[in-house]
Each structure stands twice: as structure tokens, then as C-alpha cells.
């Protein structure tokens, strides 16, 4: 169902403040959720509100006042503690701090420890590209991914996210280490659908297409050892480097580590963007394989959808999910 973006924004904010979040924190979370929906990333959109409601019902939803502690910093680094709050606000605020610091350093590494759900990482990368900065991010989370060769979930679906500024739509690669994400399980369960074959196992280590059974087992890495290797690297950089959780043996919250690079550290921005544009054009004009009428670069389709929905002033949200969110808001009205 398509609804007005402002209506969707107000609905999300009301839902979150109804769970006990401050208006400021609810605004940050809503910003990410709406941008996920605009980009077609429903796995990180309104369905997440329903997960927060379940956490609230289970008394595990952290509604403590937002607190972001600067552990230490240098001219080229920031190290922050999110104190187990939802990761949205700490990451957005860290970006605001980072955008100021990098004006002098042109290169900055940012680590955040002990976060909870960190949301749609691609939106953080997009904001960096709008400042003509390169974003390279590693974010780990609680378990869900089963390492190659095992039948026990151990790491999060650990995405690698890279954003590169251009003269038009930015290049943004935002890929999980798994074939499907935990958000895909949430969406499939909520919509009463099955997941792809070969993407997950149940608690007994057997293949399953049932999202609920997969939640009790785990999702599988893409291309076997390759996705598993990427997940491990993200686990170490997002977790061990920031002092956050690592697997099941090192306790802590979710970790976020990202690097910002000002391209002018190496060459004029216009020259850099010109070469990026040349690379995009070469890709777009490459001979097409059978069945293909277009070749997309990373992030192109999501950004195009976002632009289209912004121009319309409307965002499409799952009918099932929207009804459930509205029902919860009406209960508290």
C-alpha cells in the first residue's frame, strides 16, 4: 500500500514514542526505517517496528535515555560507546561528528561498541556520499549466520557496506554475508511466506524453507566459504576491534566500524568522479547477456526507487505490516 511519506514518518515516530523512546531517538530510528522503505529494503523497514514491540512486550526493549559516550578520539579517529541503545541514533550522531572532524584530517576511522539493532547501513553510506566522502563499513550483530561447514549459528549476517560518491546516483554496495538476512526471515514470517530453498537450516541442521524454523536454526552464507569468510572478517572488525561481541564466546553488544575517506586526499574530486562516471558508463554499455536489457551498478536500483518515491511523496509499505503497526498505534491512542 502506498501512503504519504509524512504520514508514514508520523506513524513510525508515534509507534516508537509509544514504546517509550524519546522523540529525538524515535526520530533517528524512523529516519532509517523510512529510508529503508524508500529504497525497497523492506527487511529493514516497518517490519522492524513489530520486532521492537515484541522486545517491549518481553521487557527487553531499552528505553533508557539516549547516551553516547566518547571513549577516546584523535585527529583521525573516534571511539564511542552506545551503552546498548538501538544503534540508529549513535551511528547517525557519530556521522555528524565525523563529518566535522574529517574536514581537517581527510581520513577518519570510527568505532562504536555495545549497540543494539543498527538498521539499514546503506543509509549511513548514502549520507557520507552526499558529503563527497567514501564510506567503508563493517557491522556485526547477534547470531543468525551458520559458518560454512557447521550446523550451528555463530555470527550475525554481517554486512560489508561501501559507498562511493559520483556526479549522480552514488555507488553503494550493501551486502550481507548470508544468502538472506534476518530481516528476510522477519518479512517472510509476517507475510506467511516461505523462504528460498538452500538458504537456511532448522535447529537440527536440516534444510528448511520455513522462516520460523530458520529462526531456530540459522541462515547460510552466500557461496559457502566465501560468504563465511567475509562474515568472519566483519565479525572481527565490527566486533573485536570495537570491543563488542565476537561470536558466542566474547560478550557485548553489536559493533560498528567504518572508515571515511575524502577522495581529495589523493586527487581532485572532479577527476575522481570523472573516472567513476567512465566506469559506470562502460558497465551500462557493456554487451548484454541473454535475457538482460540493463546492467545495474551497485545501489542503482535502490536509489532510483528512492528518488521515484520521494518525487511522488508516497512510500509503499506492506499491507500486512502497515495494518499491524496502525493497530498497535490505535491501541495506545
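The values are calculated or read from the model by the stated rules, or taken from the named source; none is laboratory data. Treat the numbers as computed from the prediction; the structure is a model and nothing was measured. FYI the Cβ positions are ideal-geometry reconstructions off the backbone, even for glycines, and counts take in every protein chain you see.
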Review point. Got a sec? Which of 273, 308, 323 is more than 19 Å from the chain's Cα centre (by Cα) and under 23 Å from residue 132 (Cβ atoms)?
Key: 273
Exercise for review: Determine whether residue 268 is over 26 Å from the mean Cα position of the chain (by Cα) and either over 27 Å from residue 96 (Cα atoms) or surrounded by 12 or more Cβ atoms within 10 Å (Cβ to Cβ) (or both).
Suggested key: no
Exercise for review: Tell me which residues, restricted to region 201-226, are touching a residue at least 12 places away in the same chain (Cβ under 8 Å), surrounded by fewer than 23 Cβ atoms within 10 Å (Cβ to Cβ) and in a strand (DSSP E or B).
Suggested key: 201
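Residue-by-condition table, conditions (1) in the same structural domain as residue 323 (by TED's automatic domain parsing); (2) closer than 19 Å to residue 172 by Cα; (3) in contact with a helix residue (DSSP H, G or I) (Cβ under 8 Å, 6 or more places away or on another chain):
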position	(1), (2), (3)
54	yes, no, no
77	no, no, no
83	no, no, no
116	no, no, no
134	no, yes, yes
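Conditions tested, residue by residue: (1) touching a residue at least 24 places away in the same chain (Cβ under 8 Å); (2) touching a strand residue (DSSP E or B) at 6+ places or on another chain (Cβ under 8 Å); (3) on the phi > 0 side of the Ramachandran plot; (4) surrounded by 15 or more Cβ atoms within 10 Å (Cβ to Cβ).
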site: 27; (1), (2), (3), (4): no, no, no, yes
site: 36; (1), (2), (3), (4): yes, no, no, yes
site: 68; (1), (2), (3), (4): yes, yes, no, yes
site: 82; (1), (2), (3), (4): yes, yes, no, yes
Check your understanding: So which residues in region 281-319 are surrounded by fewer than 16 Cβ atoms within 10 Å (Cβ to Cβ) and touching a helix residue (DSSP H, G or I) at 6+ places or on another chain (Cβ under 8 Å)?
Key -> 294, 295, 310, 313
**Study point:** So residue 325, is it outside any helix (DSSP H, G or I), in contact (Cβ under 8 Å) with a residue 40 or more places away in the chain and closer than 30 Å to residue 57 by Cα
**Key:** no
Revision key, fill the gap. Exactly one of 198, 238, 229, 243 is touching a strand residue (DSSP E or B) at 6+ places or on another chain (Cβ under 9 Å), in the same structural domain as residue 155 (by TED's automatic domain parsing) and not in a helix (DSSP H, G or I), and that one is 243
Review point. Counting only residues that are free of Cβ contacts under 8 Å to residues at least 24 places away in the same chain and either in contact with a strand residue (DSSP E or B) (Cβ under 6 Å, 6 or more places away or on another chain) or assigned to a helix (DSSP H, G or I) (or both), how many does region 279-306 have?
Key: 5
Exercise for review: For region 254-261, indicate whether the set of residues that are outside any strand (DSSP E or B), touching a residue at least 12 places away in the same chain (Cβ under 8 Å) and closer than 27 Å to residue 128 by Cα is non-empty.
Suggested key: no
Review point. Of the residues 241, 230, 236, 260, which is modelled with pLDDT of 95 or more and in contact with a helix residue (DSSP H, G or I) (Cβ under 7 Å, 6 or more places away or on another chain)?
Key: 260
Exercise for review: Go through (1) touching a helix residue (DSSP H, G or I) at 6+ places or on another chain (Cβ under 6 Å); (2) in the same structural domain as residue 77 (by TED's automatic domain parsing); (3) surrounded by 18 or more Cβ atoms within 10 Å (Cβ to Cβ) one by one and return the number of the condition residue 126 breaks.
Suggested key: (1)
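Taking residue 66 as the residue in question, decide whether it is in contact with a helix residue (DSSP H, G or I) (Cβ under 7 Å, 6 or more places away or on another chain) and modelled with pLDDT under 95.
yes
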Study note, to complete from the structure: The number of residues in region 144-193 that are part of a loop (DSSP other than H, G, I, E, B) and farther than 23 Å from residue 33 by Cβ is 14
Check your understanding: Do we find a residue being touching a residue at least 24 places away in the same chain (Cβ under 8 Å), surrounded by 18 or more Cβ atoms within 10 Å (Cβ to Cβ) and within 26 Å of residue 252 (Cβ to Cβ) anywhere in region 186-193?
Key -> yes
